[in-house]
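Everything below concerns the one structure shown next.
The values are calculated or read from the model by the stated rules, or taken from the named source; none is laboratory data. No experiment lies behind these values; they were computed from the predicted model shown. Here the Cβ is made from the backbone with ideal geometry for all residues, glycine too, and neighbour counts use every protein chain on show.
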Amino acid sequence: MVVDHEISFKPDGVDGAETGLCFFAEDQIDWSPTGSCVAARMALAHAKGTRQQVQTWAYNSLVSNHFNTGAFVASIVEEDVKIEGPNTKTDRSGVVVLVEGNA
């Protein structure tokens with residue numbers, strides 16, 4: 001997702017907002033921010049220390065931003081979740097992200 005922090009519509013009750021383009025598959029662009037992309041952005045921001053569990057963030061597409069509707073709103077609902085898997089040799093932790101909204 002390529003984002004712009006300056007042009008984002010920020011709905012009431014959120015701490016911040018981004019507007020962006022979500023690229024997928026073979027250089028296709030989704031008009032929606034997509035739930036999986038929003039969850040990944042929140043998890044990455046949390047890992048970088050720029051999002052906390054108590055914060056909510058709005059993610060807009062260029063379309064939803066223009067009409068000031070349709071933003072996906074995300075929040076981290078659980079921190080320090082143990083991640084296990086067949087290729088995990090060391091303990092890793094992650095977050096659980098709640099994503100709500102309409103495309």
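Quick notes on this one:
- Scanning segment 50-69 for residues that are part of a helix (DSSP H, G or I) and touching a Ser or Thr at 6+ places or on another chain (Cβ under 9 Å) yields Leu62, Val63, Ser64, Asn65.
- Residue, modelled with the lowest pLDDT, within segment 30-52, restricted to residues that are more than 13 Å from the chain's Cα centre (by Cα) and surrounded by 13 or more Cβ atoms within 10 Å (Cβ to Cβ): Trp31
- For segment 9-31, the set of residues classified as in a loop (DSSP other than H, G, I, E, B), small (Gly, Ala, Ser) and over 21 Å from Val96 (Cα atoms) consists of Ala25 only.
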